[in-house]
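Heads up: the structure comes next, in structure tokens.
Computed from the coordinates by the stated procedures, all read-outs in this text should not be read as laboratory data. Since this is a predicted model, take the numbers as computed values, not measurements. All Cβ positions, glycine included, derive from the backbone under ideal geometry; neighbour counts span all protein chains shown.
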Amino acid sequence: MAIETVLVAGASGKTGREILHLLRNTDLHVRAMTRDPANVGRLTRLGADEVIVGDLLEQADADRAVSGVDTVLCAVGTKPGLDALTGGFVDGQGVINLADAASEAGVERFVFESSLGVGDAKAGLPLPARVLIGPILRAKDDSETHLRESGLTYTILRPGGLTTGPPSGEVVVGEGGDSVSGRISRADVARLMVAAPFTPEAENRTFEVVSHEGLRGSPKNVVPMTWVEPSVA
């Protein structure tokens, strides 16, 4: 089935905005989702064809977001702080709700931005960072597990420490948990997320990703990947 309509969940976040930038010149219909109505105008200017306002912690909003969608690019995240302390994990229960909605709606592909430090990739994130965002990492771990068991065709990306800046174009991809460690720009992560639904060898796999220039230490279990990007309109 050809990919026609893409939902970008977490579109107002830094990775989400990079995704919109990459999609705006394609022939894909792009639906952006945000929790804040104040972001609607900005997301439209960034290239979204439509913007839906909703909270993924509400199942009804998740159901509404995926209606008529064939691909989900999920870049939601909980910032360390009050939300993390109160358990408002959009990248936990919110992603679970979105996966359930996508499965029910017959979505073809689901791409999830997780993190190094999750599951068997624990060693890829320094201990102080794991302590600081431990509850968030556990929420992401729950989401990863749920997504794998959902029946959806998925790709999970576990980026290293996220930076702001242009894409490097050179990404080290590991598979198998304790594979790579380091940093990567959000622009590089966005590029991989946009390419994943068009890359058959990425189906139902979990990758750890850092940029070549941000690599720390010696990588293990590196996998060669040829990412297929959507055509430009």
Report task. Express in nm, to one decimal, how much length is gained between Leu57 and His21 on full extension, taking 0.36 nm for each residue of separation and deducting their alpha carbon distance. Result -> 10.4 nm
Report task. Only loop residues by DSSP count here, and only those with at most 16 other Cβ atoms within 10 Å; note down the GluC sites (Glu not before Pro) in region 15-71 that meet that. Result -> Glu58
Query - Share antiparallel - DSSP beta bridges, the chain, percent rounded to 5 - result: 20
Query raised in the report: Taking only C-alpha pairs under 8 Å that are 6+ residues apart, what is the relative contact order of the chain in percent?
Result: 19
Report summary line: Per 5 angstrom bin, beginning at 0 and ending with the bin that holds the maximum distance, the Cα pairs of region 5-211 fall in percents of 1, 8, 17, 21, 23, 17, 10, 3, 0
Report summary line: In terms of the charge dipole of region 135-233, which places +1 on Lys and Arg and -1 on Asp and Glu at the beta carbon, the residue among Asn221, Thr199, Gly151 farthest towards the positive end is Asn221
